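The structure appears right after this line, and notes come after that.
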Amino acid sequence: MDALDISKAALARRLGIARASLYYRPKKPREDEEMRDRIVAVQQGNPAYGHRRIALALHMNKKRIRRVMRAYGLKPRLARRTPTKPADRGQPSTTVPNLAKTLCPIHPNVLWAGDFTYLPWRTGFLYLATVMDVFTREIVGWHLSTHHTTALIVEAFRDAVQRAKTAPVIFHSDQGSEYVSGSYALLLSRHGVTRSHSTKASPWENGFQESFYNNCKLELGNPARFGDLGELIEAIHRQLYYYNHNRIHTRIKMPPARYHGLWIKTFTQQKTAVMAS
């Protein structure tokens, strides 16, 4: 037995562990191959997943997932871009403060965030407006239109109110002309909603929606691949369902709809226990 073995044996006795545990034992190639196959299987249904979401899906350590992905050259089809709002630059700013910056909602329907995006279609565009509950990260309302008007975001908000059966305490958005319009401000006022705006040309202050659209467009793919407008609209609705019910959100560690359902179940149990006491 050499000096190194003696020192390790003494250290093991002092720590109360087996000496063998002090020696590095690399993972067997077969174990990594099996993990690679499991990762690929997850990516087939979730092509934009990175190592964090894959780790959550497989209930594994994210460091191990990242190591195996690097070893086999596995990467998600995710190319994030820094969001910009060039149309906002040079425009007068509103006096509405950014309330979302310091607010951390502890239950649904406290803070909603709205935004819209466009998808190129043939010679024009298809516009998608969405409303997100920031607590659950669930898309609670949306609307599609071939026209870029205030009516687009109005209908998305109305859809959210109808689905949630309530209005939020605060509604956050950027300072796009649609969201600062008098008609939209009146709509929120009639529902007793307080407005919140991001700073001009600062899309990261509505990062909830920016991140959603980044991934949504990526996972939807090229709109030109659909045969007609109806197929594209159907694909968008499937994508929204996938986001709400199947796609793991890294902040809440599960799909938004499941998180919302668990919150309702826990809240109901707690309320029942308080009433019974």
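Numbers at a glance
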read-out: Highest to lowest packing among 130-137, 62-69, scored as the average C-beta count within 10 Å; value: 130-137, 62-69
read-out: Label selected from (1) 21.9; (2) 18.8; (3) 18.3, the criterion being Kirkwood radius over Cα pairs in Å as computed here; value: (1)
read-out: Rg over Rh, two decimals, segment 133-178 (C-alpha only, Kirkwood Rh); value: 0.96
read-out: Cα-Cα separations in segment 201-260 greater than 16 Å, expressed as whole percent; value: 53
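Computed from the coordinates by the stated procedures, all read-outs in this text should not be read as laboratory data. Not measured: the values here are computed from a predicted model. Because the Cβ atoms are built from the backbone with ideal geometry, glycine has one as well, and the counts that use them run over all protein chains shown.
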